[in-house]
Structure formats: structure tokens, C-alpha cells
Amino acid sequence: MADGRIPASGHIVREAGPPAPRRGRPRSAQADRAIMDAAAEVLAERGLAGMSIEEVAARAGVGKTTIYRRWTSRGTLALDAFLAEFQGQQPLPDTGSLHDDLLAALRAWIRSVTGTSAGPILASLIAEAQRDPGLAASWRGRVVERLRDQHKIMLDRAVARGEIAAGTDYDVVLDLMFGAAYHRLLQGHQPLTDKFARQVVDYVVAGLKRA
């Protein structure tokens, strides 16, 4: 009985409380890391079009269901594998000069896409995003907009220092700088060199000063 009264048998009988809620299987950080490492390897070798969940599972030493419990599609797994490597390679420069901040940011981007597996993965994700609206939205929100918000801080600082006008269109500035870099990465018609980075930043900053 709920009030703990003693029935005729002489024993206290209490009603059982509600059963404890069942918990799902906790995510394993080790499994997540193994899966993303395996996905990055396959993406670097074959691109997203050549990546299969079966091969990623085999390389990671997990079952396919383990992957599907964590990621809803091949594209979302590829995006996480890309971000795991790429994000930490894009620090926010603070040199005290707009020119040097922009140059440091562009150099970091170029080092990442030319010196690590991030470059091939990035190109594959951009191609896949043309066919997958969900991936395209995630790409813009988690990669493009996040990085642009970080870079806009450099432009805010430049306005505060009086280097550029308060009405400067930040989006156009970043399109001019990174648009040129993306163009070379995806077209492959010219290399992404340090000379190229310096020329792009020189031209952009010179234009801003004349505006």
C-alpha cells in the first residue's frame, strides 16, 4: 500500500514506483574518431562519390549500423570528417593590420587545402552539395557562414582602427579574397601559391583604401 499501513498478514507492503527510464547506448568517442578517420582516408583517396558506408565501417572496425546511428547520410559523415580536420587549421589572426590579417587567414586556408586531405574532401563536398540540398544547407551554415563570421571580426577591427570605411561591404571583400582561392582550387588552372595569396590581398586592400 502506498501509505505503508500493515495489512492482515502483518507485513508492510509498499507499491512499486515507476520503472527507471532506459538509457540508450552511450556514444563511444573512440568509435566516432575511428569512423571519421576512416571516412577522411576514403574521401582523400576517392572523393565523396567513391565513398561507401560499407568501406568506412570496415576500415573503422565497426558495423554499418554503428555509423547510421550517428550520421543520417554519407554526406553528413563526410562533412563531419572534413570539419574535424579543417576547423582547427583556421585560426583568427590578430596582427594589428588588415593586410596582414587577411594574408594570414588566406595562407592558413591555402595550407589546409593544399597540404592536408581537407582539399580533396572540400572539393568533393562542394560537388555533392549541388545534388543534395540538405548537405548544401549544412555546408553553408557550418563551413561558409561560420568561417565568414570569423573573418568579419578582422574587418570590424580594421574599421575601428580607421583602415577602412565603416560602410565597407564585408561580404564583397571576403568574396573577392576567398572566391579567387576557391576558383583556383576547383578549376586547377593555376596553383595556390604564396605569391598568389600576397597578390590577392594586395589588390583587395589597395581597392579598399581607394574606396
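The values are calculated or read from the model by the stated rules, or taken from the named source; none is laboratory data. Because the structure is predicted, anything quoted here is derived from the model rather than measured. All Cβ positions, glycine included, derive from the backbone under ideal geometry; neighbour counts span all protein chains shown.
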### Task
Considering only segment 36-56, state which residues are over 16 Å from the mean Cα position of the chain (by Cα) and either crowded, with 19+ Cβ neighbours inside 10 Å or assigned by TED's automatic domain parsing to the domain that holds R131 (or both).
A38, V42, M51, V56
### Summary
Restricting attention to segment 83-121, the residues that are within 29 Å of D156 (Cα to Cα) and at pLDDT below 90 number exactly 6
### Query
If you go through segment 181-199 one residue at a time, do you hit one that is assigned by TED's automatic domain parsing to the domain that holds D101, over 19 Å from A104 (Cβ atoms), surrounded by 12 or more Cβ atoms within 10 Å (Cβ to Cβ) and at pLDDT below 95?
yes
### Message
Can you tell me which residue is nearest to the chain's Cα centre (by Cα) among those in segment 121-164 that are among the basic types (K, R) and surrounded by 13 or more Cβ atoms within 10 Å (Cβ to Cβ)?
### Response
R142
### Query
For segment 91-110, how many residues are touching a helix residue (DSSP H, G or I) at 6+ places or on another chain (Cβ under 8 Å) and buried (at least 17 other Cβ atoms within 10 Å of the Cβ)?
10
### Task
With respect to T168, determine if the residue is in the same structural domain as D202 (by TED's automatic domain parsing) and either at pLDDT 95 or above or of a type in the set (S, T, N, Q) (or both).
yes
### Query
Conditions: (1) over 16 Å from the mean Cα position of the chain (by Cα); (2) crowded, with 16+ Cβ neighbours inside 10 Å; (3) not in a loop (DSSP other than H, G, I, E, B). T65 meets all but one. Number of the miss?
(2)
